[in-house]
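The values are calculated or read from the model by the stated rules, or taken from the named source; none is laboratory data. Model, not experiment: these values are computed from the prediction. Reconstructed Cβ throughout: ideal geometry from the backbone, glycine too, with neighbour counts over all protein chains shown. Heavy atoms of the whole protein, side chains included, go into the accessibility calculation; ligands, DNA and RNA do not. Shrake-Rupley method; radii C 1.70, N 1.55, O 1.52, S 1.80 Å.
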Amino acid sequence: MSESKEKLEDEDDEEDILMSDDDDDLDAFTDGDADSSCEDGVLGFSDPFSAEVKPRILLMGLRRSGKSSIQKVVFHKMSPNETLFLESTNKICREDVSNSSFVNFQIWDFPGQIDFFDPTFDYEMIFRGTGALIFVIDSQDDYVEALNRLHLTVTRAYKVNPDINFEVFIHKVDGLSDDHKIEKQRDIHKRANDDLADSLERIHLSFYLTSIYDHSIFEAFSKVVQKLIPQLPTLENLLNIFISNSRIEKAFLFDVVSKIYIATDSTPVDMQTYELCCDVIDVVIDISCIYGLSGDECGTPYDKESMAIIRLNNTTVMYLKEVTKFLALVCFLREESFERKGLIDYNFHCFRKAIQEVFEVRMKVLRSRKLLSQRRRSRQATQNGMP
Ligand SMILES: Nc1nc2c(ncn2[C@@H]2O[C@H](COP(=O)(O)OP(=O)(O)OP(=O)(O)O)[C@@H](O)[C@H]2O)c(=O)[nH]1
């Protein structure tokens, strides 16, 4: 453990907090009463309270399977072609993601060649605070070794923490035909589950076909993140109420920076609609960057005034509205429904207020957890004879 932990700690200085810290996030709703609801910048590894507040997402898989590329494309806006020049990861890279009120986690990118079952490597500590383990399999390569590794990883992780969500990304599917994709997914699904059938526990694996060259990686990541948002059913409910009262076909609540959708209504997600919504966000951010900020301004291109109405040539309208500093609602609706824009805006106002209330409840929970954690620490310090 010691070595890997040292490496991790070295990383802290380099850690690039993606958007802004939680304090800013909180300011949006709590008039600057941010301090009390924020955690320390760096989490205590063995602190169960920290783990609850900021779950970890681990990116694991064989060398060159595409782990770092996924992280760079989704959270750093790196263009997929640039990933060709990424160097092999040789130590664990840890990164905080605290973009939105609800998306708040750490991503740990593991080097492919790491032997994390090395006795000096404290995998128990790592798995204990993990919310999701993403195992990346290169679909363009022979995946027998990857499946062995997957089996070993999930069985060990499950023993330590049965609450982990196991997510398998069948990655780099851009090079495969549609038939081939389905065939690979079926084969990998079958082999992985056959391997697990012998073990006593019922370990559930979720599979996704992904590529950094299209939106599939964002969609898959959205689903992984959604499973870690305890307020998801409430958000979905709010979206359902909003769309049914506003005659909207589909609505997504997006984290603007990562383009992860943290919730959507209960109608099925169509990939094309999702891609269009991502494009609307890109248009808003790009136009704001070019024309929205004056030359010497270094503000963000997304704020309270951000909104967009885009009419498509097939009688549908895309409507984007700011919900919080980092969240946007993107709706997809028929032109005739958009004639009642006043009603939609009023409903949106109620929706936004409800989201803020959900957020406030969350803040209260975090505050009481922090208090508990502080009390526990001071009790421990007193027991150890410290003042
Ligand atoms: N065709 C295709 N190539 C990809 C995709 N994702 C990643 N790659 C390529 O795969 C290669 C390896 O990607 P990395 O992200 O460095 O892989 P890694 O798993 O982090 O590798 P290690 O750091 O060695 O563990 C790069 O050349 C990427 O451009 C994808 O979706 N499709």
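All of (1) crowded, with 20+ Cβ neighbours inside 10 Å; (2) modelled with pLDDT under 95; (3) at negative phi; (4) not small (Gly, Ala, Ser) hold for Lys259 with one exception: (3).
Within region 152-178, being more than 15 Å from the ligand (Cβ to nearest atom), open to solvent by 70 Å² or more (accessible area, probe 1.4 Å) and at pLDDT 90 or above holds for Pro162, Asp163.
Matching residues to (1) farther than 18 Å from Arg63 by Cα; (2) out of contact with any helix residue (DSSP H, G or I) (no Cβ under 8 Å at 6 or more places or on another chain):
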residue: Thr83; (1), (2): no, no
residue: Arg94; (1), (2): no, no
residue: Trp108; (1), (2): no, no
residue: Pro111; (1), (2): no, yes
residue: Glu124; (1), (2): yes, no
residue: Tyr158; (1), (2): yes, yes
residue: Pro162; (1), (2): yes, yes
residue: Val173; (1), (2): no, no
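Inspect region 132-139 for any residue being touching a Leu at 6+ places or on another chain (Cβ under 9 Å), closer than 19 Å to Ile70 by Cα, at pLDDT 90 or above and assigned to a loop (DSSP other than H, G, I, E, B) and give the result as yes or no. Scanning region 132-139 turns up at least one residue that is touching a Leu at 6+ places or on another chain (Cβ under 9 Å), closer than 19 Å to Ile70 by Cα, at pLDDT 90 or above and assigned to a loop (DSSP other than H, G, I, E, B).
Every residue, every condition in (1) over 13 Å from the mean Cα position of the chain (by Cα); (2) more than 10 Å from the ligand (Cβ to nearest atom), yes or no:
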{"site": "Ile57", "(1), (2)": "no, yes"}
{"site": "Ser68", "(1), (2)": "yes, no"}
{"site": "Gln71", "(1), (2)": "no, no"}
{"site": "Val74", "(1), (2)": "no, yes"}
{"site": "Asn81", "(1), (2)": "yes, no"}
{"site": "Asn90", "(1), (2)": "yes, no"}
{"site": "Asp96", "(1), (2)": "no, yes"}
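The residue that is nearest to Leu150 (Cα to Cα), counting only those in region 189-218 that are within 16 Å of the ligand (Cβ to nearest atom), outside any loop (DSSP other than H, G, I, E, B) and of a type in the set (A, V, I, L, M, F, W, C), is Phe207.
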